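Below: one structure, written as structure tokens.
A short reminder: the numbers here are calculations on the coordinates, not readings from a lab. All figures in this text were calculated on a predicted structure; none of them were measured in a lab. Virtual Cβ from ideal backbone geometry, glycine too; neighbours counted across all protein chains shown.
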Amino acid sequence: MSGPLASLKVLDFSTLLPGPFASLMLADMGAEVLRIESPTRMDLLRVLPPHDQGTSASHAYLNRNKRSLALDLKQAEALEIVRELVKDYDVVLEQFRPGVMERLGLGYEALKAINPRLIYVSITGYGQTGPYKDRAGHDINYLALAGVASYTGRRDSGPLPLGVQLADVGGGSLHAVVGLLAAVIARQHSGVGQYLDVSMTDCSFSLNAMAGAGYLACGAEPGWENHVLNGGSFYDYYRSRDGRWMSVGSLEPAFMQQLCAALGRPELAAQGLSPKPEQQHALKLALQVEFEKRSFEELCALFAGVDACVEPVLSLSEAVEHPQLKARELVCQVPRGDGSAQAQIACPLKFSAGLPEPRHIGAAVGAHTDDVLAELGIEAQRIAELRRARVVG
């Protein structure tokens, strides 16, 4: 199986999480992804713990199925190599601050002149325009400025630092993949590529799908624990007697009735249907009491056969063993290159024609330099000269 994106060739200049997650998705779907890495300035993801046999587990996952070409972009000969590669590639993905690629002579206009079909994707924190375009930031900052953190948290403790990087992945990575694939489809009709400016803050702002829509249309400002889905109703997490947690999402009447019946409190169901905050608060207190009467194991057994939108909060070690995730084959074994394999999160997309098997974990810096340069027609002697001059690594 070659995958639905087998015809797509991607030059990936990105590091850390947003760009690499995007190109991971493309590589998993069969695209040929070539990472352009500095031989002297290491991608910090490579040293992020924990490590498996000396390799960062995060790097090994996020960069699987990709080749690595080490180039010193401060040297003219390295830039010439990029320009040669661009002639045969469909997509350039980069994550530098605005203006960096232009200063290197590798901006969209320069590369479009070489390959008019090129689709050029820039992922940044704040976008290519606006007063914040050159400002540094991280996931937590983008969610803060986009308004997401203003109603994701608790009244008594404030915003929650999320365990997953919502702005980086949900904002930057996923939107970049959607946008570049849309540009690929447009190119099939027009014959020309285009430039895509992806701001993680912009995309995070768009994730305010329900609360944001309510505010813009009706002026309803969301706040912590003041609407149905953010802790302002019984829709929440409940602690068990032994300190574990259960999630309760029994919003519809039928689910609410089953929830209350399972807990032996069928009379509480009427409160769940009330929009009044005081009724919701009273219901939440009653549910807290009922959940804290039982151990986590008892609650799991109680709701295992009840279709009430109640599920346990699982650790990662428990999640990977859950029968639903196992049935969906969400863990795969990826070759390390030495005959062994590393367990990784599998591509979650299920195509009827299937996807190619994972080929290898994230490669060492410059692991494919010689192969890539040879494919450009550069002879071994010249490659050795470029290596001695530290143009390549």
Relative contact order, percent, the chain [alpha-carbon distance under 8 Å, six or more residues apart]: 19 percent
Once Arg103 and Ala6 are pulled to full extension, the length gained, defined as 0.36 nm per residue separation minus their Cα-Cα distance, is 31.7 nm
What's the local net charge at Ser204, with K and R +1, D and E -1, over the other residues with C-beta under 14 Å away? -3
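Determine the alpha carbon to alpha carbon distance for each of Lys66/Lys112; Lys9/Lys133; Lys112/Lys133; Lys66/Lys133; Lys326/Lys350 and list only those over 18 Å.
Details: Lys66/Lys112 24 Å; Lys9/Lys133 29 Å; Lys112/Lys133 23 Å; Lys66/Lys133 29 Å; Lys326/Lys350 14 Å.
Going by Cα-Cα distance, Lys66/Lys112; Lys9/Lys133; Lys112/Lys133; Lys66/Lys133 fall outside the 18 Å limit.
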Take the Cβ-Cβ distance between Asp134 and Leu44 as r, set R0 to 22 Å, and report the resulting FRET efficiency rounded to the nearest 0.05. 0.60
Which value in deg cm²/dmol, rounded to the nearest 500, describes the helix-derived mean residue ellipticity at 222 nm for the chain, given -39,500 (n - 2.57) per DSSP H run of n ≥ 4 and division by the residue count? -10000 deg cm²/dmol
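Which order results if Ser317, Ser56 are arranged by neighbouring Cβ count within 10 Å, fewest first?
Ser317, Ser56
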Point-to-point label distance, Arg388-Arg239, nm (Cα→Cβ direction, 7 Å offset): 6.9 nm
Efficiency by 1/(1 + (r/R0)^6): what FRET value for Ala254 and Ala220, r their Cβ-Cβ distance, R0 = 25 Å, to the nearest 0.05? 0.35
Extension gain from Ile345 to Gln53, taking 0.36 nm per residue of separation minus the Cα-Cα distance: 103.3 nm
Given 0.36 nm per residue, what is the gain on full extension from Leu330 to Ser190 after removing their alpha carbon distance, in nm? 46.6 nm
Hand me the trypsin sites (Lys or Arg not before Pro) from the stretch 314-391 located in a DSSP loop with no more than 12 other Cβ atoms within 10 Å, in residue order please. Arg328, Lys350
Helix 277-292 sits off the longest principal axis of the Cα atoms of the chain, rounded to the nearest 10 on a 0 to 90 degree scale, by 90 degrees
Percent antiparallel among DSSP beta bridges confined to the stretch 1-111, rounded to 5, stands at 15 percent
Taking the 0 to 90 degree range and rounding to the nearest ten, how far is the long axis of helix 253-262 tilted relative to the main principal axis of the chain, both from C-alpha atoms? 70 degrees
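If R0 is 35 Å, what FRET efficiency do you get for Val306 and Ser352 from their C-beta distance, rounded to 0.05? Before the final figure, lay out the partial values.
Details: r = 33 Å, r/R0 = 0.94.
After rounding, the FRET efficiency stands at 0.60.
With a cut-off of 8 Å between alpha carbons and a minimum separation of six or more residues, what is the relative contact order of the stretch 141-300 in percent?
Across the stretch 141-300, relative contact order equals 21 percent.
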What's the exposure ranking of His368, His51, going from fewest to most Cβ atoms within 10 Å? His51, His368
Put in order of increasing Cβ neighbours within 10 Å, starting from the fewest, Asp52, Asp338 give Asp338, Asp52
Run through the DSSP bridge list for the chain and note the antiparallel percent, rounded to the nearest 5. 45 percent
